[in-house]
Amino acid sequence: MESGAKVKQFGRTILSLLFLAGLGSLQVQAGHLIGGLMSYRILGFTGNDPASQSLRYRFTLQVYRDCQGSGDALDSDPAGTLAATISIYRLDNRIIPVKNLILSQPTKRSINPNPGNDCLKIPPNVCVEEGIYEIEQDLPVIDTGYVVSYQRCCRNASITNLLEPARTGATFSVEIGSDAQKARLNSPEFRQLPPAVLCVGQPFAFDLSILTDAGDSVVYALASPFAGGGPDDRNFRSASGIAPDPDLPPPYSEVQYLAPGFTSGQPLGAGSTLAIDSRTGIMSGKAALMGQFVLGISVRRFRNGKLLHTLRRDFQVNTGTCDARVKASLPQALPPASGSAEYTIRNCGDTRVTFLNRSQDSLAISSYSWRFTSQGSGEIFTASGRQPQIDFLKPGTYLGKMVLNPEGNCRDSLALRVEIPPILTAGFTVSGDSCASDPLNFRFTGSGEPTTYSWKFGTQGSSSNRDPNFSFTTAGNQPVSLLVTGVGNCRDSLTQQIAYFPIPANLSLSVTPAAACLGTPLRFGVDPSVSLSGLALRWDFGEGTTSTLLPANHTYSREGTFKVSLTLDGGNGKCVRRLSLTPDLTVRSGPRADFTVTPNTDLKLRQTVILESAAPDTLRLLWRTDRKILDSIRRVPFSLPDTGNLAIYLRVTDPLTGCSDEQTKNLFVNPVIRIYIPGGFSPNEDGVNDEFFALGDVDILKDFRLQVFTRWGNLVFISTEPLTGWDGRHVRTGELLPAGTYLYSLSYTDGKGEKQYLSGTVQIIR
């Protein structure tokens, strides 16, 4: 193979990250990268001009290689012979890349795989080198997405769970969706890298989550990594070459696991366990086999129920035999405060504390030492079991330490602070008149000596006073809660439902519209507009019909005078009030609007039609469109101002009763479409007549489709965007076509919804 061949690591569709070096010596000269990450940040508008409708991006490619094996250097590195490239595609046209960029020399650094635990032995031949590439590029904001890809072969030949790993490449890519462009969202970031080594037979858990904004939700799952490139080192820039140029667009094929022992859901093999929490991104399990393994996960990020990003991350891990790992863990202990090393356990009121010890690995811990000293008396309390119970006899503060293997070489410990404050209880009473809009009085009746009081009056307010007064803004059963805290964060809480059903004073009934017309819906309400939540309502409209809604709608079926009333009931048997509409409601018959349009079919722009009302002369008339008022006379000549659908409205009003009616008629004015298609063009990149496309009213066309063929009927160009023209190149191969005559066909849907077709010839002039 060629000495310049470079290795690319496994990838993902939107964000790909791999980390971990190989244990063996790879014989294939195509190199072996073991990780990578493609990401982007939006720097602002192009030229700092929002009107440009273009954004400035900084793309970052992070690549990790096994510097212990015999693989090549990083691409674009002085020691390598291949330049690193990335390709940018539109997701609605993946045939030809929008951009193909060459990356300059990477910034390099060594990654230390040793986490620093003396009880964990890292194999001596683990070596990881990171290369970071950065490049900036302007891209216009579009209604589809971009995908930015980098592909390379091959993976470590010593990988255990893949079929032909030395012939399997990887894809790192990032997708910039249309919503992400318009909202200027950066690509998501993973919080940290996976570990370099897993110990066979010992449980593990590590964080594979991404950073998210408040309100976002994320779903994690196991998934197969993506492949990319191939082992062809003679045609290394081809699609199956070790470094495709251009890098290929999606969709990407997945790696092939070595079946039946390994799958994407069981990448560590039979006897091993592996799972990822779908909500937190914590991957946990236990490896049963020694070797080198490729793992993968998918990450979906949602906002308001809408999918924003889909990430795929794959990585390589080494498993081996490790010394027992000893780590102190007490899940009931609070982590240390800033500037402190003490973990805190609070046991409100109970002097007997049972310590829940989850220290690992329990088989590697031979002894335990617990020792505490009272801050008040200096009395000492000790224990030696794994999960002891210590009775501290009385409330107070006790400082101490738990030590694992106090006499051994592999030790760990936790500094502890045990706080036992007196017991607190929350309790309160309430007094006041629930039928009046007056404050209610709340009094604390609990026990102990709280240092803070936290009152919550439903969603309407809060207080930190011991005995607050509070006025609710709405009626109903109100949840009132009290949380009290004391020394050492001892706390208790209580929630009670408080019945509050006051009836506001100075209320009156209203009706809209004021002119009550037969057949017209009327809206009944209460003035002033205040909340009556929690009160039982009953409207009586004076003709045998009722309603319990506020506001209430009612349409009268006969003329006459009606007594309208509203009864308010607090539900406690004593808060009842009846309101009446004053004066009584008089309902009258209303007019009916009707008119004709002459002519009313096959209408054209600026044609004059006659609008004529059929209403009696005693009524007031008002003609209008959606945009303006036309006239108030019976017969109105009207020149059609636009094409398409046009609504004409006539409102008639009886001046004696105030009752009115309106009728609407929709007219369709035939559009005039003008299209010009040039007979030739000269694609010589001189800036004049370089592209062939349709001119005229193309922006109003629907289902636009322009195709160009050779004289023998072979398709050489197709476009569904009126403003995307033909530059004289073949649509699939990108090659320049010779001068001569070509055939075109154009189809679109006009304003009537009818399909139209045009065809002809066009000359390429070179």
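Consider region 154-179 and keep the residues that are under 16 Å from the mean Cα position of the chain (by Cα) and surrounded by fewer than 19 Cβ atoms within 10 Å (Cβ to Cβ). The one that is nearest to PRO251 (Cα to Cα) is SER178. For the residues VAL716, VAL669, VAL698, VAL708, the requirement of being in contact with a Phe, Trp or Tyr (Cβ under 6 Å, 6 or more places away or on another chain), β-branched (Val, Ile, Thr) and touching a residue at least 24 places away in the same chain (Cβ under 8 Å) singles out VAL708. Being hydrophobic (A, V, I, L, M, F, W, C) and modelled with pLDDT of 90 or more holds for only one residue in VAL126, VAL141, and it is VAL141.
In region 394-408, how many are in contact (Cβ under 8 Å) with a residue 60 or more places away in the chain and more than 17 Å from ALA383 (Cβ to Cβ)?
1
Looking only at region 719-750, how many residues end up being touching a residue at least 60 places away in the same chain (Cβ under 8 Å) and part of a strand (DSSP E or B)? Reasoning before the result, please.
Keep residues of region 719-750 that are touching a residue at least 60 places away in the same chain (Cβ under 8 Å), which gives 731-732, 734, 744, 746, 750.
Filter once more, so that each one left must be part of a strand (DSSP E or B): 744, 746.
Number satisfying all stated conditions: 2.
Here is the figure for region 691-729: residues that are in contact with an Asp or Glu (Cβ under 9 Å, 6 or more places away or on another chain), within 22 Å of THR741 (Cβ to Cβ) and surrounded by fewer than 15 Cβ atoms within 10 Å (Cβ to Cβ) total 1. How many residues, within region 354-393, are among the acidic types (Asp, Glu) and without any contact (Cβ under 8 Å) to a residue 40 or more places away in the chain? Of the residues in region 354-393, 1 are among the acidic types (Asp, Glu) and without any contact (Cβ under 8 Å) to a residue 40 or more places away in the chain.
Picking from residues in region 679-695 that are touching a residue at least 60 places away in the same chain (Cβ under 8 Å) and out of contact with any strand residue (DSSP E or B) (no Cβ under 7 Å at 6 or more places or on another chain), the one that is nearest to LEU746 (Cα to Cα) is SER682.
Mind checking which residues of region 294-352 are among the charged types (D, E, K, R) and more than 29 Å from GLY215 (Cα to Cα)? Steps first, please.
Step one: of region 294-352, the residues among the charged types (D, E, K, R) are 300-301, 303, 306, 312-314, 323, 325, 327, 342, 346, 350, 352.
Correct list: ASP323, ARG325, LYS327, GLU342, ARG346, ASP350, ARG352.
Output the qualifying pairs, or none if there are none: Cβ atoms under 7 angstrom, residues six or more apart or on different chains, first residue in region 282-299 and at positive phi, second residue part of a strand (DSSP E or B) and surrounded by fewer than 16 Cβ atoms within 10 Å (Cβ to Cβ). Correct list of pairs: GLY285/THR273; GLY285/ALA275. With respect to (1) modelled with pLDDT of 95 or more; (2) crowded, with 18+ Cβ neighbours inside 10 Å, the lone exception for LEU522 is condition (1).
Taken over region 24-69, the criterion of being at pLDDT 75 or above, among the polar types (S, T, N, Q) and not in a helix (DSSP H, G or I) is satisfied by SER39, GLN53, SER54, THR60, GLN62. Give me a count of the residues in region 208-220 that are within 20 Å of ASP314 (Cα to Cα) and loosely packed, with under 15 Cβ neighbours inside 10 Å. Final tally of qualifying residues: 2. Being of a type outside the set (Phe, Trp, Tyr), touching a Gly at 6+ places or on another chain (Cβ under 9 Å) and under 24 Å from LEU208 (Cβ atoms): is that true of SER240 here? For SER240, the condition - of a type outside the set (Phe, Trp, Tyr), touching a Gly at 6+ places or on another chain (Cβ under 9 Å) and under 24 Å from LEU208 (Cβ atoms) - is not met.
If you scan region 337-352, which residues turn out to be within 44 Å of the chain's Cα centre (by Cα) and modelled with pLDDT of 90 or more?
Within region 337-352, the subset within 44 Å of the chain's Cα centre (by Cα) is 337-348.
Within region 337-352, GLU342, TYR343, THR344, ILE345 qualify.
When THR429, THR373, THR382, THR425 are screened for being modelled with pLDDT of 90 or more, surrounded by fewer than 17 Cβ atoms within 10 Å (Cβ to Cβ), within 17 Å of VAL487 (Cβ to Cβ) and out of contact with any Cys (no Cβ under 6 Å at 6 or more places or on another chain), only THR425 passes. Give the number of residues within region 422-458 that are among the basic types (Lys, Arg) and free of Cβ contacts under 8 Å to residues at least 24 places away in the same chain. Residues meeting the conditions: 0. Among the residues examined, SER298 qualifies as closer than 19 Å to SER224 by Cα and of a type outside the set (Val, Ile, Thr).
Given the structure, is VAL526 under 50 Å from the mean Cα position of the chain (by Cα), β-branched (Val, Ile, Thr) and in a strand (DSSP E or B)? If you could, list the steps in order and put the result at the bottom.
On the way: under 50 Å from the mean Cα position of the chain (by Cα): yes; β-branched (Val, Ile, Thr): yes; in a strand (DSSP E or B): yes.
Answer is yes for this residue.
List the strands (runs of 3 or more DSSP E) inside region 326-412, counting only whole elements, that have at least 2 residues being more than 26 Å from PRO203 (Cβ to Cβ) and of a type in the set (S, T, N, Q). Strands (runs of 3 or more DSSP E) meeting the threshold: 368-374.
Within region 332-352, is even one residue under 22 Å from GLN192 (Cα atoms) and surrounded by fewer than 17 Cβ atoms within 10 Å (Cβ to Cβ)? For region 332-352, residues under 22 Å from GLN192 (Cα atoms) and surrounded by fewer than 17 Cβ atoms within 10 Å (Cβ to Cβ): present.
Take the conditions (1) in contact (Cβ under 8 Å) with a residue 24 or more places away in the chain; (2) buried (at least 17 other Cβ atoms within 10 Å of the Cβ); (3) more than 18 Å from PHE172 (Cβ to Cβ); ASP232 misses just one of them, which is (1). Checked across region 302-319, the condition of being buried (at least 18 other Cβ atoms within 10 Å of the Cβ) and touching a helix residue (DSSP H, G or I) at 6+ places or on another chain (Cβ under 9 Å) holds for at least one residue. When each of ARG620, ARG624 is tested for being without any contact (Cβ under 8 Å) to a residue 40 or more places away in the chain and in contact with a Phe, Trp or Tyr (Cβ under 6 Å, 6 or more places away or on another chain), the lone residue that passes is ARG624. Of the residues making up region 142-159, not a single one is in a helix (DSSP H, G or I) and not acidic (Asp, Glu).
The values are calculated or read from the model by the stated rules, or taken from the named source; none is laboratory data. A quick note: this is a predicted structure, and the numbers were derived from the prediction, not measured. Neighbour counts run over all protein chains shown; Cβ positions are idealised from the backbone, glycine included.
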